[in-house]
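Working notes, beginning with the structure itself.
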Amino acid sequence: MSVIDRAIGISSYFLAFLWGIFILFSLIGWGTLVNRLLFPKYRVDWGQRSAWGIAFSIAVGGLLNLTWTISPIIILVYLCLGLFACIIDTYQNKHSFIHPFTYLRNYRREPLFILSVLGVLLLLLIQYAGWTYTHRFHGFDDYPAYMVFAKKMLQMGSLGADPFSERKITSSLGGQYFLQTFILTSLKPVNLNLIDPGLALIISVGILCNYLKEKISLKR
């Protein structure tokens, strides 16, 4: 492998790494809009908002699928709008970024707690970095039975009617396929694990941390 090939491979990896973060911020942005619509007086944490962003995205994907309007351009516009909403919310609530540091400052005399937090963050980073680029797919199952549907959405605009597809009948209604279009719009199938398990674990840990933070606050 030449130096140029290695440079291209490294740049492709970091592009995929950053693309996943971009998707996460976009989901947080859409979840923020859901938060403001349903609970205008109560702002939930980023983990819950990103989960709401996933749910909202699947609902939007259903409408786009029904109208045969899924395309790479539509997906890019959708993700950019979510990021824009996240940036606006971040600017309007920039004071909230002080809270995590204040929370950690209260535990500065407990090094074990600080080390535990840093350890969890390091493990999350390693996990996410590991799933950014992987060939761990089942050749006789994942490629022909699952990944092809996300590509079909981008090419045809919809999942389409396929009553003889066992996978579509028994295991999925298309939500995961639509989320995978976020990856295939700009990246390759080897990056499909960015959504699940890559971002899914980060979001799950975010929800858990917010739950524990609220439990500790109630005890005080």
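The values are calculated or read from the model by the stated rules, or taken from the named source; none is laboratory data. Note that the structure is a prediction, hence the values are computed from the model and not measured. Cβ atoms come from the backbone with ideal geometry, glycine included; neighbour counts cover every protein chain shown.
Within the range 64-87, the residues that satisfy the criterion of being more than 17 Å from the chain's Cα centre (by Cα), hydrophobic (A, V, I, L, M, F, W, C), at pLDDT 95 or above and part of a helix (DSSP H, G or I) are 64, 73, 74.
Checking each residue in the range 135-179 for being of a type in the set (A, V, I, L, M, F, W, C), surrounded by 11 or more Cβ atoms within 10 Å (Cβ to Cβ), at pLDDT below 70 and farther than 29 Å from residue 13 by Cα picks out only 169. Screening residue 44 against (1) of a type outside the set (Asp, Glu); (2) touching a Ser or Thr at 6+ places or on another chain (Cβ under 7 Å); (3) in contact (Cβ under 8 Å) with a residue 60 or more places away in the chain; (4) over 21 Å from residue 127 (Cβ atoms) leaves a single unmet condition, (2). Within the range 27-46, identify whether any single residue is within 14 Å of the chain's Cα centre (by Cα), crowded, with 19+ Cβ neighbours inside 10 Å and modelled with pLDDT under 95, and answer yes or no. Scanning the range 27-46, I find at least one residue that is within 14 Å of the chain's Cα centre (by Cα), crowded, with 19+ Cβ neighbours inside 10 Å and modelled with pLDDT under 95, so the answer is yes. Residue 49 - would you say it is modelled with pLDDT of 95 or more, within 19 Å of residue 205 (Cα to Cα) and basic (Lys, Arg)? The answer is yes for residue 49. With the requirement that a residue be out of contact with any Leu (no Cβ under 8 Å at 6 or more places or on another chain) and closer than 16 Å to residue 87 by Cβ, what does the range 7-26 give you? If the condition is that a residue be out of contact with any Leu (no Cβ under 8 Å at 6 or more places or on another chain) and closer than 16 Å to residue 87 by Cβ, then 18, 21 are the ones that fit. Among all residues of the range 89-97, there is at least one that is at pLDDT below 90, in a helix (DSSP H, G or I), more than 22 Å from residue 173 (Cα to Cα) and among the hydrophobic types (A, V, I, L, M, F, W, C). Residue 33: in contact with a Ser or Thr (Cβ under 9 Å, 6 or more places away or on another chain) and assigned to a helix (DSSP H, G or I), yes or no? When the stated conditions are applied, residue 33 does not pass them.
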